[in-house]
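Chemist: Could you have a look at this structure, given as structure tokens, before my questions?
The values are calculated or read from the model by the stated rules, or taken from the named source; none is laboratory data. Because the structure is a prediction, the values reported are computed rather than measured. Virtual Cβ from ideal backbone geometry, glycine too; neighbours counted across all protein chains shown. Surface accessibility is based on the protein's heavy atoms, side chains included, excluding ligands, DNA and RNA. Shrake-Rupley method; radii C 1.70, N 1.55, O 1.52, S 1.80 Å.
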Amino acid sequence: MMQVDGQYTFPHEHHNINLLWASLFIEELTRHGISDFCIAPGSRSTPLTLAAAKHPRAKTHVHFDERGLGFLALGLSQASAKPVVVITTSGTAVANLYPAVIEAKQSKISLIIISADRPLELINCGANQAIEQYKIFADYPIFFAQIPSPTTSTQSNFLLTTLDQGLYQQQSDKGPIHFNMAFSKPFYPQNETINFKIYLSSLKGWDLNQSPFTTYHQSNDHQGSSLPLSAQKIDLNAKKVLVVVGRIKDKKQALVIEQFCSHFNLLLFADVQSQLQGSPHNIHGYDLLLENQQFKQLLQQADLILQFSDHLVSKRLNQLISTSLATIWEISEHAQQIDPEHCINQRFVSFPNAFIKQVVNSKSTDNNWLERIRRYKKSLPAIIHFYLKNDQLSEINSTAYLLNQTTDNIVLGNSLAIRLADMFAQTNAYIYSNRGASGIDGLIATAVGIAKNNNSPTCLLIGDTSFLYDLNSLALLKQLQLPFVIVLLNNDGGGIFNLLPVPQAQQQAFYQLPHGLTFAQTCAQFSINYRRPNTFSEFQANYQQSLVNNKHNKTTLIEVCINHQLTPKQLKEIKEQIQDATI
């Protein structure tokens, strides 16, 4: 650490990237109040050893025997009731910690194991002192992270958020945690140093303060009742607040967020999975509006971004959050890390209602800023109206109509289906999705499982490749008692790849994989009502008819056959109009 104008700052000058990453790691550990570092000699672990040795808040303990070192750390941790760090080099040095790791797990003692490792290219090729260290302690650590070889192509904040998540889990469930860090040469300082100031800019001021990058707060109540996060109020302390809502399963929790935004007059961006997309407070079509630079610049003025829950569909919104200079808070009842951009400053492990009960705002909302943003929302319908109402059948107007015309259950497929729903819908339906891994497998089966446990009609919006992938699950449909509608967007293959920068020469043969199939005969085989509209008005009529409870056949498939170039063409036209719009 350096002292500048009476304040400490993390240095930007380092001899190499290895020493920088090690220094970042040790610095973040000390910011969490960790002071004891147990070190065994070794070359590969030199960056970590030197970082701990020179840190003013690190107290080092050295032993040549790693097995004894681990138990020394156990004693230090028991006596201090604080986590203790153990640093070793690669190879059997790590294996010698196993007895202490087992004891730490069984006795719920907080050890932090940091093992240096060979880089990936030196594993399983006969390199000296290279063994398989990935999860070497099996399930004894309550948290494990494999840290890749340091490189400036990996943002430095990744290192800090990963460490913070491990330390949070250790606070919640005492026991050992393990970080296996791969280092390539050089390990030792050279004569000259490198200025990493630009590389460290992603830390957004962490280098100028003394706080951990991400601070975790946990509710005492895992069931979502009114138990507080803490005895103190949570002050937003911001005039320009953006509330982003991701996937919310509990409609009651979603409505609490809506009321919160209304009460404090806060800007709301509600994902299609949030159960709030149809809220009048939501800025509908924000994903499309982010194509407009003036709109984006207004959002970049935000003081605070509150994100409730995870798995946002919009890539443009994720990019906005990752590059924002605003303070970023994440609220979710789940303990795992929800930070794909590695930018969260405050993490509240809490149900929305428990968090919101504690919130105050000592500042008044900047209504001028809010109204300027809402003008863009008012301008969007005029731009997209033609594409939603034109009688030419499209993936855009069929998707928007489906979501906007029902308050029943809708299951959204991945790839193009959910993206169009997120862009164009304003739905009050209950939305289900498989966005944990966002795969195309098992979507029909998932939708049937949802339909079997609901007392209202269910609709599945799915692409043709996803439909082909799960054809066997059509056999499950005969078990249903209420209308079930499949809207099949058939653009002859993976239409999503028309929106991605894949190489043109390989696009069809390796990505889109056109199949040339339609599914009338498939429906006949599984006794499914089949409709293939030619116009948008026919689609609307087909959909309304499919909701009538036919006691002989409760399932209808509406196949929307579209040229694979239509949606990219329409999206390009819409985005150009939005980019040029002056509000």
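Chemist: How much of the accessible area of segment 424-583, in percent, comes from carbon and sulfur atoms when a 1.4 Å probe is used?
Modeler: Details: 3820 of 7860 Å².
Accessible surface attributable to carbon and sulfur in segment 424-583 totals 49 percent.
Chemist: Another question about this same structure. Going by the alpha-carbon gyration tensor, a ≥ b ≥ c the square roots of its eigenvalues, is the chain rounded (a/c under 1.5) or, if a/c is not under 1.5, prolate (a/b greater than b/c) versus oblate?
Modeler: Working: a/c = 2.03, a/b = 1.72, b/c = 1.18.
Prolate, because a/c is 1.5 or more and a/b exceeds b/c.
Chemist: Against the empirical 2.2 N^0.38 Å scaling, what ratio does the C-alpha Rg of segment 280-330 come to? Write down the numbers at each step before the final one.
Modeler: On the way: Rg = 10.8 Å, N = 51, 2.2 N^0.38 = 9.8 Å.
Taking N as the residue count of segment 280-330, the ratio is 1.10.
Chemist: Where does each of 571-577, 498-504, 351-357 land if you order them by average Cβ count within 10 Å, highest first? Kindly include the intermediate steps, with their values, before the conclusion.
Modeler: Working: 571-577: 15.6, 498-504: 11.4, 351-357: 22.7.
Top of the packing list down: 351-357, 571-577, 498-504.
Chemist: I would also like to ask the following. Explain nothing, just the number: relative contact order of the chain, from Cα pairs under 8 Å at least 6 residues apart, as a whole percent. Don't skip to the answer; put the middle values down first.
Modeler: Working: 1156 pairs, mean separation 62.2, N = 583.
It rounds to 11 percent for the chain.
Chemist: Under the definition of Cα pairs under 8 Å and six or more residues apart, what whole-number percent is the relative contact order of segment 77-174?
Modeler: Working: 91 pairs, mean separation 28.0, N = 98.
Relative contact order of segment 77-174: 29 percent.
Chemist: Mean residue ellipticity at 222 nm from the helices of the chain, using -39,500 (n - 2.57) per DSSP H segment of n ≥ 4 over the full residue count, to the nearest 500 deg cm²/dmol?
Modeler: Details: 19 runs with 199 residues, N = 583.
Calculated from helices alone, the mean residue ellipticity at 222 nm is -10000 deg cm²/dmol.
Chemist: Quick one: angle between helix 443-452 and the longest Cα principal axis of the chain, in degrees between 0 and 90, rounded to 10, please.
Modeler: Its long axis makes an angle of about 70 degrees.
Chemist: Based on the mean of other Cβ atoms within 10 Å per residue, sort peptides 516-525, 554-563, 304-313 so the most packed one is first. Walk me through the numbers before you get to the answer.
Modeler: Working: 516-525: 14.1, 554-563: 20.9, 304-313: 23.5.
Packing order, densest peptide first, comes out as 304-313, 554-563, 516-525.
Chemist: Once you sort the root eigenvalues of the Cα gyration tensor of segment 203-351 as a ≥ b ≥ c, which label holds: rounded (a/c under 1.5), prolate (a/b larger than b/c) or oblate (the other case)? Please report the intermediate quantities before stating the final value.
Modeler: Numbers: a/c = 1.59, a/b = 1.09, b/c = 1.45.
It comes out oblate by the Cα gyration axes.
Chemist: Still on this structure, I have one more. Taking 20 °C and 1.002 mPa s as the conditions, I'd like the Stokes-Einstein D for segment 502-558 in µm²/s, using the Kirkwood hydrodynamic radius from alpha carbon pairs. Before the final figure, lay out the partial values.
Modeler: On the way: Rh = 13.7 Å.
Estimated via Stokes-Einstein, D reaches 156 µm²/s.
Chemist: Between 0 and 90 degrees, rounded to the nearest ten: what's the tilt of helix 536-546 against the longest Cα principal axis of the chain?
Modeler: Helix 536-546 and the main axis of the chain meet at about 90 degrees.
Chemist: Separation of segment 277-333 and segment 116-191 by C-alpha centroid, Å?
Modeler: First find each Cα centre; the distance between them is then 32 Å.
Chemist: Can you tell me how segment 350-436 classifies by the Cα gyration tensor, rounded, prolate or oblate, using a/c under 1.5 as the rounded cut? Please list the in-between numbers first.
Modeler: Working: a/c = 2.95, a/b = 1.39, b/c = 2.13.
In terms of gyration-tensor shape, oblate.
Chemist: Leaving out ligands, DNA and RNA, and with a 1.4 Å probe, what % of the accessible surface on segment 138-288 is carbon or sulfur? Don't jump to the answer; show the numbers that get you there.
Modeler: Working: 3300 of 6460 Å².
The computed percentage sits at 51.
Chemist: So, for the chain, what is the accessible surface per residue at a probe of 1.4 Å, expressed in square angstrom? Write out the running numbers ahead of the final one.
Modeler: Details: 25140 Å² over 583 residues.
Accessible area per residue: 43 Å².
Chemist: Here is a follow-up. Among 233/377; 249/575; 251/452; 251/389; 251/357, which pairs are too far apart, with a Cα-Cα distance over 22 Å?
Modeler: Details: 233/377 33 Å; 249/575 31 Å; 251/452 19 Å; 251/389 30 Å; 251/357 17 Å.
Table pairs above 22 Å Cα-Cα are 233/377; 249/575; 251/389.
Chemist: Need the C-alpha centroid separation for segment 50-70 versus segment 495-544, integer Å.
Modeler: Rounded to whole Å, the Cα centres lie 62 Å apart.
Chemist: Working from Cα positions, state the angle (0 to 90°, nearest 10) between the long axis of helix 367-389 and the longest principal axis of the chain.
Modeler: Here the helix axis deviates by roughly 40 degrees.
Chemist: Carbon and sulfur atoms: what percent of the 1.4 Å accessible area of segment 2-82 do they account for?
Modeler: Details: 1900 of 3440 Å².
Carbon and sulfur together cover 55 percent of it.
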